[in-house]
Amino acid sequence: MGIALAPGPTPEEKARRDAEEALRKANFSADFDTLRLAGAMAVASGDATKFDISGWNSSLDLYLPNRLDLKAAALANYYCNQNLKLKSSKWKVRVYLVDGAVGAECRLF
């Protein structure tokens with residue numbers, strides 16, 4: 001007796017999966033571009049010394065040149081209350097103090 005193998009996906013299922021994957025990649029790319037612009041604006045305005053975008057952690061990370069917790073909270077609040085029109089609601093903003101500690105964090109909507 002042989003082992004019965006499950007049939008592979010139908011062409012329609014494969015096409016649907018491929019379309020979903022393409023949409024997911026396009027949405028991630030659009031979100032990344034929007035977050036890159038937001039981070040660049042934070043640096044250009046002098047609010048942050050640098051920024052990173054973490055796809056793994058789904059975060060826009062902003063870095064302050066000091067240990068001002070209130071500034072970190074204000075900056076996080078500012079970006080989390082902007083209407084960035086992200087495709088996914090999984091993103092967050094993390095603001096790091098000069099010593100590497102997280103000064104503030106919030107979810108982008």
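Figure legend. Inter-residue proximity from the range 2-19: first residues β-branched (V, I, T), second residues open to solvent by 80 Å² or more (accessible area, probe 1.4 Å), beta-carbon distance below 7 Å, spacing 6+ or different chains. No pairs are indicated.
Scanning the range 32-78 for residues that are more than 18 Å from R107 (Cα to Cα) and part of a helix (DSSP H, G or I) turns up A40, M41, V43, A44.
Please determine whether any residue of the range 16-26 is of a type outside the set (D, E, K, R), open to solvent by 70 Å² or more (accessible area, probe 1.4 Å) and in a loop (DSSP other than H, G, I, E, B). Within the range 16-26 (the criterion being of a type outside the set (D, E, K, R), open to solvent by 70 Å² or more (accessible area, probe 1.4 Å) and in a loop (DSSP other than H, G, I, E, B)), the answer is no, since none of the residues qualifies.
The values are calculated or read from the model by the stated rules, or taken from the named source; none is laboratory data. All figures in this text were calculated on a predicted structure; none of them were measured in a lab. Cβ sites come from the backbone with ideal geometry, for glycine too, and all protein chains shown count toward neighbours. Please note that ligands, DNA and RNA were not included when accessible areas were found on the heavy atoms of the full protein model with its side chains. Shrake-Rupley method; radii C 1.70, N 1.55, O 1.52, S 1.80 Å.
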